[in-house]
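Student: Please see the structure below; I have some questions.
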């Protein structure tokens, strides 16, 4: 898979910020860095059914395998839209060496 990075997204990582009233761990998203991705609309209806989301809010991103991306990260674009990763981040280590993730835009 050859990907063409065309979009810069801000990556926010979930970090523990303390303990809540009932003893639960409380986390907050903290800006980590900018990542360059190949941002595409998801056109596979089966993928949307698998994750239980609407197709028009579902996207896929491809990025370099050396770029860190966690399943719990939140991504934001320059227009202020927020995206979260659904499913798991997939790493393809043979041949083209890339990372793929499905993301959904928050409303």
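Taken together, the values in this text are just the output of simple stated rules run on the coordinates, not laboratory data. Bear in mind that the values here come from a model prediction, so they are computed numbers and not experimental data. Quick reminder, even Gly has a Cβ in these numbers, built from the backbone with ideal geometry, and neighbours come from all protein chains shown.
Student: Only helical DSSP H runs with n ≥ 4 go in: add -39500 (n - 2.57) per run for the chain, normalise by residue count and round the 222 nm mean residue ellipticity to 500 deg cm²/dmol.
Tutor: Helices in the chain give a 222 nm mean residue ellipticity of -1500 deg cm²/dmol.
Student: Which one is right for this structure if volume of the Cα convex hull per residue in Å³ is calculated from it: (i) 129; (ii) 86; (iii) 108?
Tutor: Matching entry in (i) 129; (ii) 86; (iii) 108: (i).
Student: Here's another thing I want to ask about it. Given a cut-off of under 8 Å on Cα pairs at least six residues apart, what relative contact order in percent is computed for the chain?
Tutor: Normalised by residue count, the contact order of the chain is 27 percent.
Student: Which order results if 107, 82 are arranged by neighbouring Cβ count within 10 Å, fewest first? Please report the intermediate quantities before stating the final value.
Tutor: On the way: 107 7, 82 16.
Neighbour counts put them in this order, fewest first: 107, 82.
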